[in-house]
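Novice: Below: one structure in structure tokens.
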Amino acid sequence: MADKAKIGIIGAGLMGHGIAQVFALAGHDVKVTDPSAEALATLNDRIRRNLEDLGEDTSAAERVTPCADLSEAVADADVVFEAALENLELKQKLFAEIEAAAPQDALLASNTSVIPITAIMSGLKNKARSMGTHWWNPPFLVPLVEIIHTEATDPKPAQMMFDLLAAVGKTPVDVMKDVPGFVGNRLQHALWREAVALADVVLDCTDNFPARFEINAACVRARRPLVSGAAIRFEGQLAVFDLRRGGPCYRCLYPDQGDAAETCEEAGILGPVVGTVGALQALAALKLMLGLDAQAGRLQTWDALRMQWRSHKMAADPECPVCGEPHV
Ligand SMILES: [Zn+2]
């Protein structure tokens, strides 16, 4: 591998653009592809803004090239990171395309945080150079990267990945067994479980789906009531989930959207809308603590522009991956 390995990245979302930033700042040329023209169009600006916030050299963003074509992004890559949506079929299809278009000796890594690497790479002709690299969000701030070895991963390419990640300032760790959730996530889940089990009621005021899904899953496991609030633009939402009384969990309502959801930064938030939703979450928590009806199982939506409230009954999804019946 050349002194400054060429990097190809599949996915220009939250993880993809963050990983691109890490390598660009360390002097690597990076090509990024994404099916969304909008994600590609904003890629360099997002990286430049991040670098500015961090007080880093913003010219590093110029080392990142958006590519509409996957084959163009990986054609001369020494290392390819796939950071697409968490969908096994999609990832398998992408790796078939990557293997056809990338150099024979390029390292191939998936940045999944939940899907077994062995399954993702099962269709590759040459699995020896394939592995998982599990980064945490945001990739430019969290040092830890797990390198997940499958039974087919050759030690040499894994060592090359280790050295590359260490050279760009990360703290790589070899995970020698392709277990579901790898090691870091499993430890994090244990912490979530413990934190939630200590509380009588949990209020979720986070602004992103990955965090909301984690909190929901921990509440379902510990059978703790969850008061979820959200606010964006002039829209507010409030929902109480209490599986002790049946009904849906938060995950029944929302599919995994990966990086696709709007962020507060992009869509904008209004203080009074957030304040109102927060006050109503506190009210719902008091009702739960007092044993009063907190309208569990109903989603309340607020159009703050027209001052209209709507109340929707929520149904449990029997196929829900969190609270649904386990399939044996
Ligand atoms: Zn559910």
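The values are calculated or read from the model by the stated rules, or taken from the named source; none is laboratory data. Quick caveat: nothing in here was measured; it's all calculated off a predicted structure. All Cβ positions, glycine included, derive from the backbone under ideal geometry; neighbour counts span all protein chains shown.
Novice: Looking only at residues in the stretch 273-289 that are without any contact (Cβ under 8 Å) to a residue 12 or more places away in the chain and over 24 Å from ARG233 (Cα atoms), which one is nearest to the ligand (Cβ to nearest atom)?
Specialist: Ranking the qualifying residues of the stretch 273-289, first place goes to LYS287.
Novice: Quickly run through the stretch 214-237 and pick out the residues that are within 16 Å of the ligand (Cβ to nearest atom), part of a strand (DSSP E or B) and within 20 Å of the chain's Cα centre (by Cα).
Specialist: SER228
Novice: Something else about it: Given the conditions (1) surrounded by 18 or more Cβ atoms within 10 Å (Cβ to Cβ); (2) touching a strand residue (DSSP E or B) at 6+ places or on another chain (Cβ under 7 Å), and given that ASP69 satisfies all but one, which numbered condition is not satisfied?
Specialist: If we test ASP69 against (1) surrounded by 18 or more Cβ atoms within 10 Å (Cβ to Cβ); (2) touching a strand residue (DSSP E or B) at 6+ places or on another chain (Cβ under 7 Å), just (1) comes out false.
Novice: Still on this model: Of all residues in the stretch 164-190, which are surrounded by 13 or more Cβ atoms within 10 Å (Cβ to Cβ), in a helix (DSSP H, G or I) and at pLDDT 95 or above?
Specialist: Answer for the stretch 164-190, where residues must be surrounded by 13 or more Cβ atoms within 10 Å (Cβ to Cβ), in a helix (DSSP H, G or I) and at pLDDT 95 or above: LEU164, LEU165, ALA167.
Novice: What's the number of the condition GLY55 fails, among (1) at negative phi; (2) of a type outside the set (Phe, Trp, Tyr); (3) free of Cβ contacts under 8 Å to residues at least 24 places away in the same chain?
Specialist: Checking GLY55 against (1) at negative phi; (2) of a type outside the set (Phe, Trp, Tyr); (3) free of Cβ contacts under 8 Å to residues at least 24 places away in the same chain, the one that fails is (1).
Novice: Out of (1) under 18 Å from THR133 (Cβ atoms); (2) outside any loop (DSSP other than H, G, I, E, B); (3) not small (Gly, Ala, Ser), what's the single condition that is false for HIS28?
Specialist: (2)
A quick yes/no check of all residues on (1) outside the structural domain of ALA166 (by TED's automatic domain parsing); (2) under 26 Å from ARG186 (Cβ atoms); (3) in a helix (DSSP H, G or I):
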{"site": "ALA61", "(1), (2), (3)": "no, no, yes"}
{"site": "ASP76", "(1), (2), (3)": "no, no, no"}
{"site": "LEU85", "(1), (2), (3)": "no, yes, no"}
{"site": "GLN92", "(1), (2), (3)": "no, yes, yes"}
{"site": "PHE95", "(1), (2), (3)": "no, yes, yes"}
{"site": "THR118", "(1), (2), (3)": "no, yes, yes"}
{"site": "GLY123", "(1), (2), (3)": "no, no, no"}
{"site": "LEU141", "(1), (2), (3)": "no, yes, no"}
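Novice: Collect the residues in the stretch 290-315 that are in a loop (DSSP other than H, G, I, E, B), crowded, with 16+ Cβ neighbours inside 10 Å and either at pLDDT 95 or above or within 12 Å of the ligand (Cβ to nearest atom) (or both), keeping them in residue-number order.
Specialist: Result: GLY297, ALA304, MET314.
Novice: Inspect all residues belonging to the stretch 246-254 and state whether any of them is modelled with pLDDT of 90 or more, away from the ligand (no atom under 12 Å from the Cβ) and in a helix (DSSP H, G or I).
Specialist: No, every residue in the stretch 246-254 fails to be modelled with pLDDT of 90 or more, away from the ligand (no atom under 12 Å from the Cβ) and in a helix (DSSP H, G or I).
Novice: Ok, one more. Residues being assigned to a loop (DSSP other than H, G, I, E, B) and touching a residue at least 40 places away in the same chain (Cβ under 8 Å): count how many of those fall in the stretch 3-25.
Specialist: 5
Novice: Can you report the number of residues in the stretch 97-116 which are under 26 Å from ASN185 (Cβ atoms) and among the charged types (D, E, K, R)?
Specialist: Residues meeting the conditions: 0.
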